[in-house]
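Trainee: I am attaching a structure below and will ask some questions about it afterwards.
Quick note: the coordinates plus some simple rules give every number you see, no bench work behind them. This is a predicted model, so every value here is computed, not measured. Because the Cβ atoms are built from the backbone with ideal geometry, glycine has one as well, and the counts that use them run over all protein chains shown.
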Amino acid sequence: MNDSDSNNSAGIDSDSEEIELTRSFADVDFPRLERSLRHPRTLFSSGLSLMTGIVTVVACIPLFSVLIMLMYRGGKRLGLELLTETPPSAFESGGGFGNAIVGTLTMVGIAALIAVPFGILAAVFLAEFGPKSKTASAVRFCAKLLTGFPSILAGVFAYAAVVLLTGTYSAPAGGIALSILMLPIVLLTAEESIKMVPKKMKEAAIGMGATQTQVVWKVILPTALPGMLTGVMLAVARAAGETAPLLFTALNSNYWIVQDGELALMEPTASLAVLIFNFSGVPFESQIELAWAAALVLVLIVLIINIGGQLLSRKRVLR
Amino acid sequence: MEQGEITAFIGPSGCGKSTALRCLNRMNDLVRGFRFDGHVHFRGKDIYHRSVDPVAVRRYIGMVFQQPNPFAMSIYNNVAFGLRLNRVKDDIPERVERALRGAALWDEVKDKLKNSGLSLSGGQQQRLCIARAIATEPTVLLMDEPCSALDPIATRRIEELMTELKEKYTIAVVTHNLQQAQRVADKTAFMYVDTTQGGRTGYLVEYEDTNRLFQDPKEEFTKQYIRGEFS
C-alpha cells in the first residue's frame, strides 16, 4: 500500500542498509507497526478525534459570532461621549450611557461587598471547620440549589425585602438582588479551592504551632486565593449581565448616581443591562444603536475584570 | 529521651512509629477518633494535661514531615512564617539567615530568597522545612522519615545536618532505614506490630543505646529484624 510505504521511508534515515533490513524483516511474519488508516480501529479513533476538534470549533461559533456582531453593530457608536453623556430622550440623537456604566459598577460592587466575604467565610467553615457536619451539608445543598435559582426571583425577593421596606428603588436594592446570585458561585468555588490546598501544608503550619485562625489566614487563604478569585470573577461576570433582578430593584434612571456632588444612592439607578433591555425595544434608531454599544461595553467590562483577575492570581502564584 | 541526643524509631510499616512520634507534639489531636492514654512528659510537665494548650506545645516541639512541605510563598517568607506566628518582630532577617545556615541551605539560596519555596529541589525543600522548623528555636525537633522522599546524597546531607543540630536541639527521628538509625542515632527504639489478636497493635520491643541495640539486641525479634529476616 502506498500510504504505509511512504511512511516507512520517511521514518528511517536515507541509509539504504537500514531500509534493506526493515524490508527483510517485513517479509518475515513480523507485526506491522506502521500506522495505517485501513485498520478499522485506527480509522475509528482518527474519526472520533477529528469530531472532537470539529465540535470544539462549532461550540465557539456562537461566542464569536456574538462578539463580531457586537463589534460591528456596537462599534459604530463607540466613542468618549458614550462614557461621559447620559442617555438621550426619545427624538434626540447622540448621548451616551456613562451613568449606566457607573450604575452597573456600583451595584456589582455592592453585590461583591456582600457576597465575597460571606461566601469565602462560609466556604472556610464548609471546607475546614465542619466539613461533615449537618449544617455544612445543608448549606452546601442550598448553595447548589441557589446556583440554578431563576434570577427574576432574586429580583422579586429583593423587591419585597428592600424596595418595599425602604419605599424606593435603589442601587443597594439592586446590589442585594445581585449578591443573591453571586453568593452560591463564590461559596462553592471557594470551598473547592480551599479543599485543593494540600493537607501537608496545613500540617506544616499546625506543626509549627499555628492556631486554627493562623492556619486559615496565613496558609489556606493565600494558597487558595487564585481559585477563589476565579470564582469571584465568574460571579461578577454573571452579576454584571443580569437584567431581571434589576428591573424590580434598581429600575432605571437617566441621571448620574452622583448629582450636584451628592451621592444619590437611594434613587432609581441606571445599569447597562436594563438600558440594553429598554433601548432595544424602542423604535428609535439612535437608542437602538446605543443599546448595541452598551452591549459591547458590558462585554468589554466583564472581559477586563476577568483578565485583571487572571493577572492578579498569576502574580500571586509566581511569588 | 535525653536532651541533646538523637533518638531513632525503627520498625516495620504500620507499627505506629509515626503515630508515636506525632503524639509527642499532639499532632494526632487532629485525627478523628484519636484517643490518648498515658503521659508524655516534657520538662516535667505532662503535655496531655487538660490545662495544656496543644498549640503552645507545638511551638516548643517542632516537626519535620516525611514529604517536604514548604508553603507556596517565597523562601524567605517560609522561614519567617514561624517567627511571624510567634509575633517576633526584631531582626527577622538575621534569624532567617541563621536558620537557613543552620539547615545548611544558606549558600544555595542566599541570592534567591524571593523565589518560591516550591521552586527548590526535593532535598533543598526538605532542608528549607528544617530551617523553617528551627527558625523559632524549638527545644525538640521531631522528624518523621525526613529522608524517605530524598536521594542518597540529599539524605547524607540531612543526616550530617542532624548530627550538627543535636548540639542545640533534642531530636527524635522515625526512619525505615536501619543504616540511617545506626549512623545518626544515640538511642534507638525498635517497635513491632502484633497482628495475632486481630487488628494491628503496635508496641515497643526494645529501647537501647544504638550501638548495643544493633550489636547485641536483647530481644529475639530485634535480632531477626536487624538481620533482615522479616520486615
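Trainee: I need the Kirkwood Rh of region A:115-237: take the reciprocal of the average 1/r across all distinct C-alpha pairs and report it in angstrom.
Mentor: Kirkwood radius, region A:115-237: 15.6 Å.
Trainee: Each label point is 7 Å from the Cα along the Cα-to-Cβ direction; what then is the distance between the points at A:M51 and B:S51, in nm?
Mentor: 7.4 nm
Trainee: On the Cα set of region A:136-195, report Rg and Dmax in Å, please.
Mentor: Considering region A:136-195 through its Cα atoms, Rg and Dmax are 13.3, 43 Å.
Trainee: Right, something else. Give me the percent of DSSP beta bridges within the protein assembly as shown that run antiparallel, rounded to the nearest 5.
Mentor: 45 percent
Trainee: On to the next question. What does the convex hull of the Cα atoms come to per residue for chain B, in Å³?
Mentor: Cα convex hull per residue, to the nearest whole number: 138 Å³.
Trainee: From Cα coordinates alone, what are the radius of gyration and Dmax values for region B:1-119 in angstrom?
Mentor: Radius of gyration, then largest Cα-Cα span, for region B:1-119: 17.0, 48 Å.
Trainee: When every alpha-carbon pair in region A:234-312 is counted, what percent end up more than 18 Å apart?
Mentor: 51 percent
Trainee: Here's a follow-up. What three numbers, in Å, describe the spread of the alpha carbons of region A:44-90 along their principal axes, ordered from the longest?
Mentor: 61, 21, 13
Trainee: Starting from the Cα gyration tensor of region A:170-243, multiply each eigenvalue by 5, take the square root, and state the resulting semi-axes largest first in whole Å.
Mentor: 32, 12, 8
Trainee: Considering only Cα-Cα distances, which of the following residue pairs are longer than 31 Å: B:K114/B:K187; A:K199/B:K114; B:K45/B:K110; B:K17/B:K110; A:K132/B:K17?
Mentor: B:K114/B:K187; B:K45/B:K110; B:K17/B:K110
Trainee: Take the alpha carbon atoms of region A:49-138, find their radius of gyration, then divide it by 2.2 N^0.38 Å using N residues; give the quotient.
Mentor: 1.85
Trainee: Just to confirm a number: summing +1 for Lys and Arg and -1 for Asp and Glu over residues other than A:A122 whose beta-carbon lies under 12 angstrom from that of A:A122, what do you get?
Mentor: The answer is -1.
Trainee: Which order do the peptides A:228-239, A:154-165, B:43-54, A:276-287 take when ranked by the mean count of other beta-carbon atoms within 10 Å per residue, highest first?
Mentor: Top to bottom by mean Cβ count within 10 Å: A:228-239, A:154-165, A:276-287, B:43-54.
Trainee: On average, how many beta carbons from a partner chain sit within 10 Å of the beta carbon of a residue in B:71-77?
Mentor: Shielding by partners across B:71-77 averages 4.
Trainee: Before anything else, pin down the relative contact order of region A:80-318: Cα pairs under 8 Å, at least 6 apart, normalised by residue count, whole percent.
Mentor: 27 percent
Trainee: Next up: Taking R0 as 51 Å, what FRET efficiency do you get between B:D209 and A:L165 from their Cβ-Cβ distance, rounded to the nearest 0.05?
Mentor: 0.05
Trainee: For region A:228-319, what's the relative contact order in percent, using C-alpha pairs closer than 8 Å and at least 6 residues apart?
Mentor: 31 percent
Trainee: log10 I(q)/I(0), Debye, Cα-only chain A, no solvent, q = 0.07, 0.10, 0.12, 0.13 Å⁻¹?
Mentor: These q points yield log10 I(q)/I(0) values of -0.47, -0.74, -0.91, -1.00.
Trainee: Based solely on C-alpha atoms, express the radius of gyration and the Dmax of the protein assembly as shown in angstrom.
Mentor: 33.2, 105
Trainee: Ok, one more. Report the calculated FRET efficiency for B:R43 and A:T84 (r = Cβ-Cβ distance, R0 = 51 Å), to the nearest 0.05.
Mentor: According to the calculation, E is roughly 0.10.
Trainee: Moving to a separate point now. Points 7 angstrom from Cα along the Cβ direction at A:F118 and A:S93: gap in nanometres?
Mentor: 4.7 nm
Trainee: Could you give me D for region B:136-231, from Stokes-Einstein at 25 °C and 0.890 mPa s, where the hydrodynamic radius is the Kirkwood radius over C-alpha pairs? Units µm² s⁻¹, please.
Mentor: The diffusion coefficient I find is 167 µm²/s.
Trainee: Given C-alpha coordinates of region B:2-48, what is the ratio Rg to Rh with the Kirkwood estimate of Rh?
Mentor: 0.98
Trainee: Partner chain Cβ atoms within 10 Å, averaged over the residues of B:93-105 - can you pull that number for me?
Mentor: Shielding by partners across B:93-105 averages 0.
Trainee: Using only alpha carbons, build the gyration tensor for region A:182-319 and give me the equivalent ellipsoid semi-axes, biggest first, whole Å.
Mentor: For region A:182-319, the ellipsoid semi-axes come out as 42, 16, 13 Å.
Trainee: For region B:6-227, what proportion of DSSP beta bridges, expressed in % and rounded to the nearest 5, is antiparallel?
Mentor: Roughly 40 percent of the DSSP beta bridges within region B:6-227 come out antiparallel.
Trainee: Shielding by partners for B:57-67, please: the mean number of other protein chain Cβ atoms within 10 Å of each residue's Cβ.
Mentor: That average works out to 3.
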